[in-house]
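Single-structure report; data block below.
The values are calculated or read from the model by the stated rules, or taken from the named source; none is laboratory data. Note that this is a predicted model, so its numbers are computed, not measured. Cβ placement follows ideal geometry from the backbone for every residue including glycine, while neighbour counts extend to all protein chains displayed.
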Amino acid sequence: MTDDLLARHQAVLPSWMSLLYEEPLEIVHAQDRRITDSNGRTYLDFFAGVLTNSIGYDVAEIGDAVRKQLDTGVLHTSTLYLIRSQVELAERIAKLSGIPDAKVFFTSTGSEANDTALMLATQYRRSNQVLALRNSYHGRSFGTVAITGNRGWSASALSPVKVNYVHGGYRYRSPFRDLSDSAYIDACVADLVDVLQIATSGDVACLIAEPIQGVGGFSLPPDGLFKAMKEVLDAYGILFVSDEVQTGWGRTGEHFWGIQAHDVVPDMMTFAKGLGNGLAIGGVVGRAAVLDCFQAQSFSTFGGNPVSMVGATAVLDYISDHDLQANCTARGNQLLSGLRAVANPVVGEVRGKGLMIGVELVEPGTTTPSVRAAARMLEETRNRGLLIGKGGLHGNVLRIGPPMTLTEAEAQEGLDILVDALAATHA
Ligand code: PMP
C-alpha cells in the first residue's frame with residue numbers, strides 16, 4: 001500500500017468489516033484470472049471475489065454489453081416502465097430453473113434475494129416459522145441473519161424471524177460424521193421429522209438450504225439428501241428454497257444448479273454473485289403461485305436495472321458458449337485429485353464438486369480444527385502469488401473457488417503453490 005489506506009479504512013469503516021491477510025491488499029488491476037495489487041504484485045485468483053467473478057476479469061463480451069447499455073444513457077431501473085432486458089433475462093432464468101410455470105424477481109444482492117424468498121414463503125404459508133440448516137450462511141439482512149446458523153456471521157441476534165435448525169449441512173465434525181451416506185440421509189430426515197413434530201407442530205413456511213454450504217466451508221451433503229427431506233416437507237405443504245448464490249450457473253460442474261444433484265425441483269431458488277461477474281445482481285426464481293402471492297405492491301429500486309441485466313445476459317451467454325460447466329468438472333477433478341494426493345497431516349479432509357473445493361485443516365492426527373494452519377496457509381499462498389479463501393464454523397477450511405474459466409496450466413500452477421504452502425505450514 002502506498003499510503004495509510006489501512007489506517008484510514010479502520011478509522012472510517014466499522015470494526016466488523018474484517019480484512020484478509022496480515023498486510024491487507026488493495027487491488028488496482030485485474031485481467032483474466034489474475035489480479036494486481038497496489039505494490040505491483042500479481043496473484044492467481046482462486047477465490048474470485050468469493051465466487052463472484054465467475055468468468056474472470058476484464059472479459060470483453062461483458063464490457064461491450066455494459067458499455068453499449070451505458071451509451072443509451074439509460075441507467076436507472078425505471079421499474080415503473082417496461083425493461084426489455086429484464087423480461088428477457090427473467091424468461092431465460094425461468095426456463096433454466098426447471099421449475100414449472102416459473103417467475104423471477106430481481107434484486108441487487110443475495111441477502112435481498114433470500115429475504116424476498118422468506119417474505120414470499122411466510123406470506124404464502126401464513127406462518128413466520130422457517131427451517132434452516134446448521135452452519136448455514138444466507139446473508140446479512142435483518143431476515144437472513146436469523147437463518148444464518150453460522151453464528152460468527154450472524155451479526156444481529158434480534159431478528160424476529162422464528163427459525164429452527166436441522167442437520168444436513170456441515171458433516172465433518174457433526175455427530176453423524178462416520179455414518180454411511182444413506183444412514184446419514186436417514187439421520188437428517190429423522191432430525192427434520194423431530195423438529196417438525198416437537199419444535200414447530202409442522203406450522204412452518206419453508207426450509208432454506210445451500211446445496212453446498214459456502215461460507216460454512218464448502219460442506220458437501222450426499223446426493224439425494226434434499227430429495228429425501230423434500231418428501232417430508234411435501235407431506236406438510238412446506239416450501240423448499242434452494243440458496244444457489246454460490247452453487248448456481250454450472251460452478252459445481254455436473255449440474256447447472258447445485259440442487260440438481262439431489263434430483264429434486266425446489267419451490268424457489270435464490271441467486272446472486274456469479275450471475276453478474278461483479279455487477280450487483282440477485283434474485284428469486286420460483287413457482288408462479290408463490291411469486292405472485294404478495295397482496296401489496298413491491299419493487300426494488302435497483303433490482304432489474306438494465307446495466308446488471310445486460311451484463312448478466314452476457315455472462316450466461318459466455319458460460320454456455322464456452323461450455324464452462326464442463327470446464328468446472330475437468331478443472332475441479334484436477335484440483336481434487338491433486339489435493340487428495342497430498343500426504344500432510346494437517347489436511348483432515350478434501351471435499352468438493354466442480355470448482356467449489358474445501359480443505360479442512362486440523363491439528364495433526366485429530367479432527368480438531370486448526371485455525372492457526374488456515375491463517376498460515378493464507379499467508380503462505382499469498383507470498384507465493386495465489387489468493388484463496390477460508391471459511392467453516394472455526395475459520396479452518398481453505399476455500400478454493402477460482403473463476404470457471406480456469407485453464408489446466410493455471411490449475412496446476414495453483415496446485416503446486418498449495419502443495420508448497422502446505423509443506424511450509426506443517427514441515
Ligand atoms: N447466500 C449465500 C449462500 C452466500 O454465500 C451469500 C454471500 N456470501 C449470500 C447468500 C448473501 O449474498 P450477498 O452478500 O450478495 O447479500
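Observations on the model:
- Criterion applied to LEU418, LEU422, LEU361 was being within 17 Å of LEU220 (Cα to Cα) and not charged (D, E, K, R), and the one residue passing it is LEU361.
- Total residues in segment 101-131, condition more than 11 Å from the ligand (Cβ to nearest atom) and under 15 Å from the mean Cα position of the chain (by Cα): 0
- Members of segment 277-300 that are closer than 24 Å to LYS353 by Cβ and surrounded by fewer than 23 Cβ atoms within 10 Å (Cβ to Cβ): GLY278
- Filter result (assigned to a loop (DSSP other than H, G, I, E, B) and either at pLDDT below 95 or at negative phi (or both)) within segment 365-391: GLY365, THR366, THR367, THR368, SER370, ARG384, ILE388
- Residue count for segment 197-226 satisfying the condition of being free of Cβ contacts under 8 Å to residues at least 60 places away in the same chain and of a type in the set (A, V, I, L, M, F, W, C): 4.
- Extreme residue, nearest to the chain's Cα centre (by Cα), among residues of segment 263-298 that are aliphatic (A, V, I, L, M) and in a helix (DSSP H, G or I): LEU275
- Residue, nearest to the ligand (Cβ to nearest atom), within segment 209-224, restricted to residues that are part of a loop (DSSP other than H, G, I, E, B) and among the hydrophobic types (A, V, I, L, M, F, W, C): VAL215
- Just one residue in the set VAL241, VAL232, VAL245 is part of a helix (DSSP H, G or I) and either within 25 Å of GLY391 (Cα to Cα) or in contact with a Leu (Cβ under 6 Å, 6 or more places away or on another chain) (or both); that residue is VAL232.
- Scanning segment 227-253 for residues that are closer than 26 Å to PRO402 by Cβ and crowded, with 24+ Cβ neighbours inside 10 Å yields a total of 11.
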